[in-house]
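Trainee: What follows is a single structure, and I will ask about it in a moment.
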Amino acid sequence: MQAPMQSWDDQRIKRERLALLQATMRQRNVGALYLEDSMFKRYVLNTKVPGSAVFVPVEGEALAIVRRRDIGYVGAQHPNVRLPFESRGGAHSESGDANESGDGAAIGDGVADLMREYGLEGEQVAVDLLGPVAYFGLTRAEIALVDAAPIFEKTWSVKTDDELEIYRAIGHQYEHAMTAFRDALRPGITENQLAAVITSAWYEADGEDIAQLNVCVAENMNPWKRWPTQRAANDGDFAGVDLHGRGFNGLRGDASRTFFVGEHPTAAHRDLYRRAYDYLRSSIAVWRAGRTIEDAMRDVPRVPPSIQPQLFNYNYAHGVGLGSSDYPHVNPMRPAIDDVLKVNQVLAIECYFAEENHPLCVKLEEQIIVRDGEPELLGPAMPFDERLIR
């Protein structure tokens, strides 16, 4: 597969993300972010940086705090960089992560100094998953800490136009990978071999890496056992795949497919597959901008009681982005989130059709862009088993 032509602007992505993030910070009365988690750092910098931290003031450019060895390549993408905080004794940390010196005081004093430098002294600092050294250093410096996760989940739920271009390219990567999986299916091939096929296809399509890959055959599909094994596919089995691939700029997709192994599906195979397919396609239409999540949940197609226990282990829909499963999480077992669907959210629509203690299972999942009208399907040529839905 030829890699898609880049139709997005990396620097514009970074500028627009920062503006959106700072707007959310103002709404929540947060003066700055101090970030060590790789996912949040990447969202801000639009660059993959190991062993670093990021300071984001509510006004002005984000500051990358990186090791000396990384300043060159990080600075080429994001010029506002500094070395790790010095301890009061004057030593930089150069071991492990950028600020993992074993001296939490250096981190606490360093962030406090930045707050004064940016005129933010006394304001709240939102943080992510900190190690104990950083946490105790910041609390020792009497910095008021709050959780950064709610700020990010609301900010990155709605994608910029450039991010949508990336997701369209990711859709084509999924088309290639799922087609390779389908074409490799034959009696005797193992789950591990199928996992190797789809991994190779993902890299052929210029995917960055694979965050999670589930390959299950026959009884391993119900209950869904996730991790591939040496179980070989036999004639008459279903084979399922759930691929969480990181595409361009680290954005992550999430889609599933199930295919029949062999040439002679039974009426039971056809019936279950067709019902799952019809449910999935009918579900997509309810996710339209301006609707409340409660309204959308109410309009998801009903399923027989025998299917509900397994299906409801999954979300009706969830956000897709840099994380494994992003906001909103639309869980059929919980009350609806009090929110409205927004234009340019990217959602994964889930479908898992199986009865408990039954050998047959069909797992399908699509990715969509929420619109005012009909949602846009990402990877529209990603194959289903056409033999079962004719």
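The values are calculated or read from the model by the stated rules, or taken from the named source; none is laboratory data. Just so it is clear, the model here is predicted, and its values are computed rather than measured. Cβ coordinates were reconstructed from backbone atoms using ideal geometry, including for glycine residues, and neighbour counts include every protein chain displayed. Quick note on the areas: whole protein, heavy atoms, side chains included, nothing else; ligands and nucleic acids left out. Shrake-Rupley method; radii C 1.70, N 1.55, O 1.52, S 1.80 Å.
Trainee: Which members of the stretch 237-266 meet the condition of being over 23 Å from K159 (Cα atoms) and of a type in the set (S, T, N, Q)?
Mentor: Passing the criteria: T258, T266.
Trainee: From the list A218, A195, A211, exactly one residue is surrounded by fewer than 22 Cβ atoms within 10 Å (Cβ to Cβ), more than 24 Å from E386 (Cβ to Cβ) and in contact with a strand residue (DSSP E or B) (Cβ under 8 Å, 6 or more places away or on another chain). Which is it?
Mentor: A211
Trainee: Would you check which residues across the stretch 8-50 are within 21 Å of the chain's Cα centre (by Cα) and assigned to a loop (DSSP other than H, G, I, E, B) and list them?
Mentor: If the condition is that a residue be within 21 Å of the chain's Cα centre (by Cα) and assigned to a loop (DSSP other than H, G, I, E, B), then W8, D9, E36, D37, N46, T47, K48, V49, P50 are the ones that fit.
Trainee: Hey, another quick one. For the stretch 359-390, which positions are part of a loop (DSSP other than H, G, I, E, B) and surrounded by 13 or more Cβ atoms within 10 Å (Cβ to Cβ)?
Mentor: Scanning the stretch 359-390 gives P359, L360, V370, R371, P375, G379, M382, P383, F384, D385, I389.
Trainee: Spot the failing condition for P328; the list is (1) open to solvent by 10 Å² or more (accessible area, probe 1.4 Å); (2) more than 19 Å from G245 (Cα to Cα), and only one is missed.
Mentor: Evaluating P328 over (1) open to solvent by 10 Å² or more (accessible area, probe 1.4 Å); (2) more than 19 Å from G245 (Cα to Cα) leaves (1) as the failure.
Trainee: Any residue at all in the stretch 237-255 that is of a type in the set (V, I, T) and without any contact (Cβ under 8 Å) to a residue 40 or more places away in the chain?
Mentor: no
Trainee: Are any residues in the stretch 80-112 under 20 Å from A62 (Cβ atoms), touching a Lys or Arg at 6+ places or on another chain (Cβ under 7 Å) and at pLDDT below 90, and if so, which ones?
Mentor: A98 - this is the single residue of the stretch 80-112 that is under 20 Å from A62 (Cβ atoms), touching a Lys or Arg at 6+ places or on another chain (Cβ under 7 Å) and at pLDDT below 90.
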